[in-house]
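Right, one structure below, let's go through it.
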Amino acid sequence: MSLKILGFTALAALCATSALATPDVVMKGRLTGTAHQTYIDLPFQVPEGVTRITVSFRYTGREQKSTIDLGLDDPNGFRGWSGGNKSEFTLSATDATPSYLPGPIITGTWNLVMGVPNMRPDAISDYEADITFGHANDKVTVSAFTDKPLNDKPGWYRGDFHSHSAHSDGNCLSLAGQKVPCPAFLTLEAAKARGLDFVALSDHNSTSQYDSERELQPYFDTLLLIPAREITTFHGHANIFGTTEFVPFRLGTKALPDVKTLADIVHAKGALISVSHPTAPTGEACMGCGWDAPTDYSDIDAIEVVNGGSVFAQHGVEGPTDGIPFWQARLNEGHHLTAIGGSDNHDAPDTPDHRSPVGLPTTVIYAENLSQAALLDGMKKGRAFVDMGVGADRLLDLKATSEKKSAVMGETLAVRANSNVLVEVEVKADAGSRAELILNGQLQPQVLPVDAGHATVSFHVTPKGQGAHWVRVNIRDKDGKIEMISNPIYFKLIKK
Ligand SMILES: [Zn+2]
Ligand SMILES: [Zn+2]
């Protein structure tokens, strides 16, 4: 038994709910010397519909060497023991703070168990336990692995939205050189080595990665973990971001008749859905890999336009599995869909024959801070670009201006038909790069060289005619390969 008590501040990252959340149950009391070397149950009722229990505990009397250990029993028995190591912890069906077991949150009487290894005869110790209940459709604060931003500053944050580990089909070499399921820890190490700010472990259909991430996030406190899962069906794959709750994946069954139901379930949980590698071939080489599920794209938030497998393939990003034409066709239908990228890494440690290393490509998102809520908000807003490279300070941002009104990537600018719109492109790229402009899916003839370092180049466009109107930019390197892909600025044509 450890008698060491950590400070509350050091443990804040372990708490799953906002510190401001009002507890559902508060249990207070006083222990005296008679509690020495006893166990005391503090019963509380868990009502129906609760999917997460979060405990915050504090007590006085440490200066008298009073010590209170903690554990938890559900109506069937043991759910964990953290001794004096943790004053805050959380548990749900899919994940729990280390020391506690994930599993069903059973309705009925639970006991917070106090173990008292030491209480002097004349000592007095006041304790308070705050218990907060979570529910299936609570928003992001309860499904994040940390409720504090890892960085408070607004800015561009770089990450990988697609990776796999031992929790599905990620494999790597063991210490003895055997191919084994690859521990999630190594994906995070690879992301850290690549200089990423966030990473999504999107294992196929499983939810067991969430429990590992609950353990790993406090250690990786400069790398935000986004709860993710690749919903893998017979008719395509879709990554979901921002919930640790179970979401059904058996598309075509009663629980999940269609994509709309899937999207509705995801959105009700405050999470987002992105179609993965939509144009991958489907067949015996990769079963159900391409996306052919009937879909109303107004139900979808993002499209994975670049999958890591293609970055290093013979044809690069613009090979047979290029997701850009698929995405642009949806934009031309009038949908607003954020383009993201994902490595789809399945073998975390860097090796020479890597087909899709973690972080290649990177998605760079403008967010208010480095937290799950802010990043998902940034993804939804669409001020983001996909970067095929590894430069930590590369940048691609767009601003469109018409008659003194401006919009940035992801936003909609109202413009008069046939009016002149200025599109300014802010770029940090390698020497020899150039910018090309795509208007409503059509590559425009003008190509502009981009100075190395921090540069701004400008285009002029004249939106007119029927259909959806939008503009975006690719940056190509000196060899002509796509290096960065912007998201669009949308135009709404107005008369007058
Ligand atoms: Zn996939
Ligand atoms: Zn995948």
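List of remarks:
- Odd one out for E424 among (1) within 28 Å of G359 (Cβ to Cβ); (2) at pLDDT 95 or above; (3) surrounded by fewer than 22 Cβ atoms within 10 Å (Cβ to Cβ); (4) over 29 Å from the mean Cα position of the chain (by Cα): (1)
- Counting only residues that are open to solvent by 60 Å² or more (accessible area, probe 1.4 Å) and either of a type in the set (D, E) or over 16 Å from L493 (Cβ atoms) (or both), segment 406-421 holds 2 of them.
- Any chance S143 is at pLDDT below 95 and either in contact with a Ser or Thr (Cβ under 9 Å, 6 or more places away or on another chain) or farther than 30 Å from T22 by Cα (or both): yes
- Every test in (1) touching a residue at least 24 places away in the same chain (Cβ under 8 Å); (2) within 30 Å of T207 (Cα to Cα); (3) open to solvent by 30 Å² or more (accessible area, probe 1.4 Å); (4) touching a strand residue (DSSP E or B) at 6+ places or on another chain (Cβ under 8 Å) is passed by F89 save one, and that test is (3).
- Hits in segment 283-295 (condition: open to solvent by less than 80 Å² (accessible area, probe 1.4 Å) and in a loop (DSSP other than H, G, I, E, B)): G288, C289, G290, W291, A293, T295
- Of the residues making up segment 303-314, at least one is without any contact (Cβ under 8 Å) to a residue 40 or more places away in the chain and assigned to a strand (DSSP E or B).
- Residues being within 16 Å of ligand 2 (Cβ to nearest atom) and under 28 Å from Y366 (Cβ atoms) - total across segment 193-208: 5
- Look at segment 264-282: where a residue is among the β-branched types (V, I, T) and a partner is open to solvent by 30 Å² or more (accessible area, probe 1.4 Å) and within 16 Å of ligand 2 (Cβ to nearest atom), sitting 6+ places away or on another chain with Cβ atoms under 8 Å, you get T279/T321.
- In segment 371-390, the residues that are open to solvent by 10 Å² or more (accessible area, probe 1.4 Å) reach residues that are basic (K, R) with C-beta atoms within less than 7 angstrom, at least six apart or across chains, in these pairs: V390/R194.
- Any hit, segment 457-464, residues being in a loop (DSSP other than H, G, I, E, B), in contact (Cβ under 8 Å) with a residue 24 or more places away in the chain and closer than 18 Å to A339 by Cα: no
- Among the criteria (1) in a strand (DSSP E or B); (2) more than 21 Å from P218 (Cβ to Cβ), the one P23 does not fulfil is (1).
- When segment 427-454 is filtered for residues that are touching a residue at least 40 places away in the same chain (Cβ under 8 Å) and either polar (S, T, N, Q) or open to solvent by 30 Å² or more (accessible area, probe 1.4 Å) (or both), the ones remaining, listed by number, are D430, A431, G432, S433, R434, N440, H454.
- Strands (runs of 3 or more DSSP E) fully within segment 215-281 that include at least 1 residues being surrounded by 22 or more Cβ atoms within 10 Å (Cβ to Cβ), away from ligand 2 (no atom under 16 Å from the Cβ) and within 15 Å of the chain's Cα centre (by Cα): 224-233, 272-275.
Yes/no per residue for (1) away from ligand 1 (no atom under 16 Å from the Cβ); (2) over 15 Å from D152 (Cα atoms); (3) out of contact with any Gly (no Cβ under 8 Å at 6 or more places or on another chain):
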{"position": "G342", "(1), (2), (3)": "no, yes, no"}
{"position": "H346", "(1), (2), (3)": "no, yes, no"}
{"position": "D350", "(1), (2), (3)": "yes, yes, yes"}
{"position": "S356", "(1), (2), (3)": "no, yes, no"}
{"position": "P361", "(1), (2), (3)": "no, yes, no"}
{"position": "A367", "(1), (2), (3)": "yes, no, no"}
{"position": "K380", "(1), (2), (3)": "yes, yes, yes"}
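- Check on T338, in contact (Cβ under 8 Å) with a residue 12 or more places away in the chain and crowded, with 24+ Cβ neighbours inside 10 Å: yes
- Residue count, segment 158-192 (criterion: without any contact (Cβ under 8 Å) to a residue 40 or more places away in the chain, surrounded by 24 or more Cβ atoms within 10 Å (Cβ to Cβ) and within 16 Å of ligand 2 (Cβ to nearest atom)): 1
- Segment 57-85: number of residues that are outside any strand (DSSP E or B) and crowded, with 23+ Cβ neighbours inside 10 Å: 1
The values are calculated or read from the model by the stated rules, or taken from the named source; none is laboratory data. Note that the coordinates shown come from a computational prediction; the quantities given were computed from them, not determined experimentally. Glycine also receives a Cβ, built like all others from the backbone with ideal geometry; neighbour counts cover every protein chain displayed. To get the accessible areas, we keep the full protein, side chains included, count just its heavy atoms, and leave off ligands, DNA and RNA. Shrake-Rupley method; radii C 1.70, N 1.55, O 1.52, S 1.80 Å.
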